[in-house]
Structure formats: C-alpha cells, structure tokens
Amino acid sequence: MKSGEVIIVGSGFSGLATAALLAKDDFHVTVVEKNEQPGGRASVWKEGGFTFDMGPSWYLMPDVFERYFAEFGKKPQDLMELVRLDPSYRVFFGHNDSLDISADLENNLTLLNSIEDNGAEKMRKYLDSAKHQYEVAMNEFIYKDYKHLTDFFNRKLVMEGAKLHIFDKLDHYAQRFFENPRIRKILEYNIVFLGGTPYNTPALYALMSHVDFNLGVWYPMGGIGKLVEAFYKLGESYGVEYIFNEEVKKIEVEGKIAKKVVTNSSTYEGDVFIVNADYAYAEMQLLEKKNQTYPEKYWKGKAIAPSALLFFLGLNGKINNLRHHNLYFHPQWEKHFETIFKTFVWPKEPSYYVSCPSKTDSSVAPKDSENIFILVPVAPGLEDNEKVREKYYVQILEHLEGLIDENISDRVVVKRTFAHKDFADRYNAYKGTALGFAHTLRQTAIFRPRHKSKKVKNLYYTGHYTHPGIGVPMVVISSQILSKVIGRDHGK
Ligand SMILES: Cc1cc2nc3c(=O)[nH]c(=O)nc-3n(C[C@H](O)[C@H](O)[C@H](O)COP(=O)(O)OP(=O)(O)OC[C@H]3O[C@@H](n4cnc5c(N)ncnc54)[C@H](O)[C@@H]3O)c2cc1C
C-alpha cells in the first residue's frame, strides 16, 4: 500500500527520474505534464519517416546513468542499446579544415602532438587534473544538497579549492597548458552545454574534458527518446501515474502548506508538490507573490543560460563529410559568446553544432536519407520571428555547404525551425531559454535556486535551475538529491 501523495509538475528528465525514485520509496506519484509526451526539452518529433530528438543529443557521463539505474538494480544497457561513438565528434575550423576526436585517447594524443609541441604530454597533464576535478566534484560536491553557506565553503573546499581551480576562469586555465587556440577551443566548447562561456565559467569545469576524452560520447540506439522511454517505463513499473496534455495553472497554498495544483481541466491534491517546470516561470506564474521564494526581482539580476535557434531537417540522399556530432568553431568565437552573455543580440557570424544521428542509426531516417539537427546558441530574450529564422537558415546552410563541399538546401524534404517563442510556448521557458540557469561562480552549488521552497513547507523543485545544474546527467542527479531530501522530510 503506497503512502503519501506526490504531485510532480512536468515530465522532463528530472520529473521522470524523481517520480521513479519516490514511487520506489512507496509514495504514490502523479506526474502532470502540459505537453503530449514525456521528456520535456528532450521531446521527440516524427515527420516523413524521420525521428528527431528535439533537445539533447549527447549522451555524456555514462557513470551518472549507471549510478541512477543501479538504485533500481538495473544497468542502462538493460533498458536500451548503448553504443560508444567513434569518432566522438568532428570539429570544423573552415573549408576542408576539420579534425576528428577519436574514442581512443592515444589517437587524440598523436593528433595533439601534430598541432602543438609536446601536445600529448600537456594533454596528459590536463586530463590528469580534469580526472581529479571530476572525482572530487562527484564525491564531495555534486551529489549534495546545500542548505547553508558553510555546507559549501567547508574545510574540504578550502583545501581542495586551489587544486580544483574553482576561482580561476576556464579560458585562462586552458591557456596555461596550451598555446594553440584550436586545442583550447576543443577543451572549452562543451562549456556551452552548461550554459556558460570559457570566460565566465569556473575552471573547475575543465572536468568536462575528462567526460569528453576519457568517459566518451555515447548514443542510445533509436535516439535520446529511448532514454526518456527508459525513465518513463521505470516509473510506470513502480506505479507512477502520468497525465499528459494538462497544464498546471496554479499551486494552491493554505497557510504555508501547498494543497493542490489546478490545471486547465482538473485539480490534483497531494501531500508533497514538486515542480520540474522552469523554476523562474513556476515561482512567478504558479504561486502568489507571498509564496514566492524568488520573486521577479531575483530573476532579473541573474545570468539566464542561452537559448537556441534549431533547425530539424530531413534530407534526401546521404552526406559524406559529416560525422554523428559536428561542431563548427568560428575563428573569433569570442564575438559570438559576447552576443550571448553581454550584448544580447543575434550573432553576425555564429559557431554552430550539427547532429547527424542517421550516421549511426538507420532507424531515425528513411533509407538513403539523412537526419540533421542544427543548433545555434543565442542569447535568451531575443526578438524571435520567422524573418530572423529564415535569414539564419539561409546563412547557416550556405556556410555548412561551404564547409563540407556538399549541397544540402536542395535536398531538404522535411523542415522545422524552433527558437525562443517555441521554448516559451512549449516548455514555459523564461525568456525562451533553452538551457535554464547559467553556471557562473555566483550561480553554482549553494548559489543556485534551492530544491526546497523557503515559503511553502511541502513544495520542492527539481531540474536544470537547481544544483547541480544543466544537462541530462545533472538533472538526473538533481532528482537523486531531491528524493533524499523528501525522504528525510517525510520520514521515509
Ligand atoms: C536544444 C537543446 C540541446 C541540448 N543538448 C544537450 C545534450 O546534448 N546533452 C545533455 O546532457 N543536455 C543537453 N541539453 C540540456 C538538457 O536537455 C536539459 O538540461 C534537461 O533536459 C532539462 O531537464 P529538466 O527535467 O530540468 O527540464 P525540462 O526538460 O524542461 O522539463 C520540464 C517539463 O515541465 C513541463 N511544464 C512546464 N510548465 C508546465 C505546467 N505549467 N504544467 C505542466 N507541465 C509543465 C514542460 O513541458 C517540460 O516537460 C540540451 C537542451 C536543449 C534545449
């Protein structure tokens, strides 16, 4: 017999992951989702025989998923077919100018030696440090709930802080190892995944190079949608109930206790309420002012993570010169970063990312076709309209065709664009952000919005705004932290 009624607002990865954990702990869990499918930012769009992952496409930090599913006595491989990509990805610097990062470290070290004197030796040192940062971060800081400043600024942090390079910036740190700007870009690009720039993100996040080079880039056959399915089915097997196509409009609070959520067509009463929907939106739109821990003023002063301009394209015929993951780095990429974090305008000459999962997985495109997803990171809160999207569509396709010497635009049989307005409409994203809440030093760990409301006793938050932050592995960890907090608060 289940005891304790939990209502979760939103079925993103973090909502799903929290639901399964609490259901396993004998709560009765209902997940209420505004959209027609689970997964949130990781929705799946099918059209004309193509299957597009609409959000995440990199399966990184496999250890995090192993640790999560182990709580249920399972391995990720029990729930989906996982393959390690090789090459991990291709980086383009210009026309006929690219290099592949291999799944084999030795190959990468040889490559680095060809680009910079002692490149391999420098990289070994960089990766030794990144591995140390990763292990300390995982063991000491990431899987942890922060309530008080002293939880963060403890003896361990003071002792390890210098070695972890928490107070240095990533770009500055990478320069201490490498002169070659191309190598530095390869060490720094993945910071965009965390909603930051190498110039404003603590060098602690050099740990992402351990993730990239040592732990590898993986792919669930069928797409990231298969990972969503794994979480969804796991919850279902423990009795989680899912309600789709219902948008929560209000969280009703009496005294300091949340009583129910009101949707466009129903109400759900509960003992515990968890918001997986975007934190900023939920605080400002679903709660009365007196119940908001973080009112509008708070959000206005914060660094909101980038939005993205996305193109989902189904192509007739194959493309030879793309790999599964492809990155284009503009020679002056710092100008693009400036537009995202300082000037808040559309970029003139953007760097961008192209995913082509049909290189690995024939199930995501019809025969002799290619499935392409293009992502241009852009500032949140920009004026987004069809004209701007079309301008970038033409610009980026022309540029990509130049990089790979192949025609794309004449072969498009399926096309969809997605940007700020869609993020706001589909996910209730504040300022149309794709990624949520940036990872600056002042928005790390204790400084991220808390898992537990300060104003409403039985109201909690999970997902990319909370600690540890952005990205599928991080929001899964957020669910593990939260389920422990709730278990403690409710005597489980
Ligand atoms: C384009 C893109 C590419 C990315 N690439 C990667 C990648 O390659 N690898 C990686 O690890 N991460 C990537 N990320 C980041 C990652 O996808 C997110 O950090 C993560 O999925 C966020 O999960 P979440 O559960 O916190 O939130 P969400 O996925 O946003 O889930 C919140 C849910 O709440 C629902 N909701 C909102 N309001 C309401 C309401 N009022 N009532 C009911 N439901 C509501 C929403 O519909 C949504 O389903 C990417 C993100 C984007 C957008």
Assess whether Lys125 counts as being farther than 30 Å from Pro350 by Cα, in contact with a Phe, Trp or Tyr (Cβ under 8 Å, 6 or more places away or on another chain) and away from the ligand (no atom under 16 Å from the Cβ). yes
Does Asn245 count as within 12 Å of the ligand (Cβ to nearest atom) and at positive phi? yes
Practice item. Inspect all residues belonging to the stretch 275-288 and state whether any of them is touching a helix residue (DSSP H, G or I) at 6+ places or on another chain (Cβ under 9 Å) and assigned to a strand (DSSP E or B). Key: yes
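Listed here are the residues, each with its yes/no results for (1) of a type in the set (Lys, Arg); (2) crowded, with 16+ Cβ neighbours inside 10 Å; (3) without any contact (Cβ under 8 Å) to a residue 12 or more places away in the chain.
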{"position": "Val217", "(1), (2), (3)": "no, yes, no"}
{"position": "Pro220", "(1), (2), (3)": "no, yes, no"}
{"position": "Lys226", "(1), (2), (3)": "yes, yes, no"}
{"position": "Phe231", "(1), (2), (3)": "no, yes, no"}
{"position": "Leu234", "(1), (2), (3)": "no, yes, no"}
{"position": "Gly239", "(1), (2), (3)": "no, no, no"}
{"position": "Asn245", "(1), (2), (3)": "no, no, no"}
{"position": "Ile257", "(1), (2), (3)": "no, no, no"}
{"position": "Thr263", "(1), (2), (3)": "no, yes, no"}
query = For Asp171, are the conditions met, namely being touching a residue at least 24 places away in the same chain (Cβ under 8 Å), closer than 30 Å to Gln77 by Cα and acidic (Asp, Glu)?
reply = no
Flagged in the stretch 255-269 as in contact with a Lys or Arg (Cβ under 9 Å, 6 or more places away or on another chain), within 14 Å of the ligand (Cβ to nearest atom) and not in a strand (DSSP E or B), in numbering order, are Asn264
When restricted to Phe50, Phe65, Phe69, the only residue within 21 Å of Leu313 (Cα to Cα) and surrounded by 14 or more Cβ atoms within 10 Å (Cβ to Cβ) is Phe50
When restricted to Lys431, Lys454, the only residue surrounded by fewer than 24 Cβ atoms within 10 Å (Cβ to Cβ), at pLDDT 95 or above and more than 27 Å from Asn385 (Cβ to Cβ) is Lys454
For the stretch 1-24 the number of residues that are at pLDDT 95 or above, more than 20 Å from Ala424 (Cβ to Cβ) and not in a strand (DSSP E or B) is 9
A careful count of residues in the stretch 222-254 that are more than 24 Å from the chain's Cα centre (by Cα), of a type in the set (Ser, Thr, Tyr) and outside any loop (DSSP other than H, G, I, E, B) gives 1
Pairs returned, first residue in the stretch 67-85 that is among the acidic types (Asp, Glu), second residue that is not in a helix (DSSP H, G or I), beta-carbon separation under 6 angstrom, 6 or more apart or interchain, are Glu81/Met221
Note on the stretch 259-268: residues over 29 Å from the mean Cα position of the chain (by Cα) and closer than 19 Å to Lys455 by Cα are Lys259, Lys260
Filter the stretch 300-318 for residues that are of a type outside the set (D, E, K, R) and surrounded by fewer than 19 Cβ atoms within 10 Å (Cβ to Cβ); the one that is nearest to Tyr430 (Cα to Cα) is Ala303
Scanning the stretch 10-55 for residues that are closer than 20 Å to Lys359 by Cα and of a type in the set (Val, Ile, Thr), the one nearest to the ligand (Cβ to nearest atom) turns out to be Val44
* For the stretch 190-207, indicate whether the set of residues that are touching a Pro at 6+ places or on another chain (Cβ under 7 Å), surrounded by 20 or more Cβ atoms within 10 Å (Cβ to Cβ), in contact (Cβ under 8 Å) with a residue 12 or more places away in the chain and not in a loop (DSSP other than H, G, I, E, B) is non-empty. => yes
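Let's see how each residue does on (1) farther than 19 Å from Gly301 by Cβ; (2) within 10 Å of the ligand (Cβ to nearest atom):
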site: Ala434; (1), (2): yes, yes
site: Thr440; (1), (2): no, no
site: Arg450; (1), (2): no, no
site: Ser453; (1), (2): yes, no
site: Lys457; (1), (2): yes, no
site: Thr462; (1), (2): yes, yes
site: Tyr465; (1), (2): no, yes
site: Val472; (1), (2): yes, yes
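Mind checking which strands (runs of 3 or more DSSP E) fall wholly inside the stretch 295-404 and carry at least 3 residues that are within 25 Å of Leu441 (Cβ to Cβ) and touching a Leu at 6+ places or on another chain (Cβ under 6 Å)?
Because the criterion is at least 3 residues that are within 25 Å of Leu441 (Cβ to Cβ) and touching a Leu at 6+ places or on another chain (Cβ under 6 Å), no strands (runs of 3 or more DSSP E) in the stretch 295-404 meet it.
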In the stretch 93-112, anything surrounded by 15 or more Cβ atoms within 10 Å (Cβ to Cβ) and farther than 19 Å from His324 by Cα is listed as Leu109, Leu111, Leu112
The lone condition Tyr352 fails out of (1) under 30 Å from Asp278 (Cβ atoms); (2) surrounded by fewer than 22 Cβ atoms within 10 Å (Cβ to Cβ); (3) not aliphatic (A, V, I, L, M) is (2)
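The values are calculated or read from the model by the stated rules, or taken from the named source; none is laboratory data. Treat the numbers as computed from the prediction; the structure is a model and nothing was measured. Positions of Cβ are backbone-derived with ideal geometry, glycine not excepted, and every protein chain shown enters the neighbour counts.
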